[in-house]
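My structure is below; once you've seen it, I'll send some questions.
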Amino acid sequence: MDGAEIEESLGIAVIKHSEKKPGGLDETMSHFPSVDDPSQLCIVGDRLLTDIVFGNLHGMLTVHTLPLCMGEENKNDNTIAKVIRTVENKIMYGRWPGKKIRSYTLEHKIWKGESECPLVLADDKDTLTKPLLGDIDKD
């Protein structure tokens, strides 16, 4: 699945830039003219050493996901990227050294963490007991 297909199916813009991540901040920021600080953005990606490092270097909130495409849909994915993604995940989510690396989590400029603003993931099978991120308390 390429960027155009993702935009079509999810209804959101995929930010395209000519400079490889972790570069490309200026091009990314140009997509958001009302945003003056990268910490106001969230980057979602499946590559730790490109997407997530890019976001973290620039103070963005980051969300690491599984690849959007699997199996047959993913047959045209870059073979080197697939291998590197696998190695990145094994290192970062393994017992060692991942546990040690993850212990150095930096505080985000805006999102102060689970204790102040819990992130709750849900699907139609779940019953929510807490509001989703972004819900506003109307009281």
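The values are calculated or read from the model by the stated rules, or taken from the named source; none is laboratory data. Keep in mind it's a predicted model, so treat the numbers as computed, not measured. Backbone-built Cβ (ideal geometry, glycine too); neighbour counts: all protein chains shown.
Out of the stretch 54-88, which residues are at negative phi, surrounded by fewer than 17 Cβ atoms within 10 Å (Cβ to Cβ) and within 14 Å of the chain's Cα centre (by Cα)?
LEU57, VAL63, THR65, LEU66, PRO67, LEU68, listed by residue number.
Could you identify the single residue in GLU19, GLU73, GLU5 that is of a type outside the set (Ser, Thr, Tyr) and at pLDDT below 80?
Residue meeting the stated conditions: GLU73.
For the stretch 22-41, which residues satisfy the criterion of being without any contact (Cβ under 8 Å) to a residue 60 or more places away in the chain, closer than 13 Å to GLY55 by Cβ and among the polar types (S, T, N, Q)?
Scanning the stretch 22-41 gives a single hit, THR28.
Follow-up. LYS99 - would you say it is assigned to a helix (DSSP H, G or I), of a type in the set (D, E, K, R) and either surrounded by 10 or more Cβ atoms within 10 Å (Cβ to Cβ) or within 17 Å of the chain's Cα centre (by Cα) (or both)?
yes
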